[in-house]
1. Restricting attention to segment 21-31, does a residue exist that is among the basic types (Lys, Arg) and either closer than 30 Å to residue 162 by Cβ or surrounded by fewer than 18 Cβ atoms within 10 Å (Cβ to Cβ) (or both)?
2. Would you pick out the residues in segment 199-226 that are among the β-branched types (Val, Ile, Thr) and either modelled with pLDDT of 90 or more or in contact with a Gly (Cβ under 7 Å, 6 or more places away or on another chain) (or both)?
3. Counting residues that are modelled with pLDDT of 95 or more and of a type in the set (Gly, Ala, Ser), which helices (runs of 4 or more DSSP H) fully inside segment 11-128 reach at least 1?
4. Looking only at segment 51-104, filter to residues that are touching a strand residue (DSSP E or B) at 6+ places or on another chain (Cβ under 9 Å) and among the acidic types (Asp, Glu); which one of those is surrounded by the most Cβ atoms within 10 Å (Cβ to Cβ)?
5. I need every pair where a residue in segment 175-187 that is closer than 16 Å to residue 64 by Cβ and among the aliphatic types (A, V, I, L, M) has its Cβ under 6 Å from the Cβ of a residue that is loosely packed, with under 13 Cβ neighbours inside 10 Å and at pLDDT 75 or above, sequence separation at least 6 or different chains.
6. Determine if segment 183-191 includes at least one residue that is surrounded by 12 or more Cβ atoms within 10 Å (Cβ to Cβ), out of contact with any Leu (no Cβ under 8 Å at 6 or more places or on another chain) and at pLDDT 90 or above.
7. Among the hydroxyl-bearing types (Ser, Thr, Tyr) and over 18 Å from the mean Cα position of the chain (by Cα): does that describe residue 48?
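The values are calculated or read from the model by the stated rules, or taken from the named source; none is laboratory data. Note that the coordinates shown come from a computational prediction; the quantities given were computed from them, not determined experimentally. Please note: Cβ atoms are built from the backbone with ideal geometry, for glycine as well, and neighbour counts cover all protein chains shown.
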Amino acid sequence: MAKLPRLIETVANNSGIPQPTVSLTARHVREAGMISSGGRGPGGAEMTPTDATNLLIGTVAAMQVKDAPEVVKLFRSAKPITPSWGDPHADAKISIPRFAELTFGEMLDALFNQLAVSEDVFDTTTGQPVDLELEFQRTGHGYSVTPMLTIGRNIDDMRELTNHYFYHANHPAFEGVSEAERKARAQMLYSKGSHGLAITATVRDLLIFPIADCLAGREIAYEVQR
């Protein structure tokens, strides 16, 4: 099992994001009650899959560290959808229990739990481990998100079969207010980019698997070379 400092170190070393940035993100998310708290040193809280999910989302999806708690809430609440080129969640044959019923945050919790226990996520039809990719995309001028989970073999090779599972959520702070107010609140949460208020972050195996290894107390095999 891992304490928060080790989880922070793992995310930083395997993402290339400076450790002080990850540490400050963890502080904001923990103070918002979304990372387990405890004493310092040996008395510190053991990190859970939910803690790992929340730190990962806050670190890679928040454009400003102070906004990490709101961004975590938004992405965690995203529900399964099936767009024209996505795959039905109910048809997924992967070793994540109740996959079709889970929000994006719950799915990541289950994903990290599965990886911590079994070291892989498996295709239940073949028994083979699968490759994983997470995409964190904001749409709708910053007050909605459409994250995606891609599962397959050799995801970079277009000849291999991959499945794309989409999620979508609107930020609760933007419900029941005018269009002008939504835009004003979005400006407070997100920095304006070249395409409105959208940003996409992609997370691959080289970050996902080390986080799971950290949670399980295993040796962490992959680290970004500095």
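1. Within segment 21-31 (the criterion being among the basic types (Lys, Arg) and either closer than 30 Å to residue 162 by Cβ or surrounded by fewer than 18 Cβ atoms within 10 Å (Cβ to Cβ) (or both)), the answer is yes, since at least one residue qualifies.
2. 199, 202, 203, 208, 211, 224, listed by residue number.
3. Per the criteria, 19-31, 49-61, 104-118.
4. Within segment 51-104, the match that is surrounded by the most Cβ atoms within 10 Å (Cβ to Cβ) is 87.
5. No pair meets every condition.
6. no
7. no
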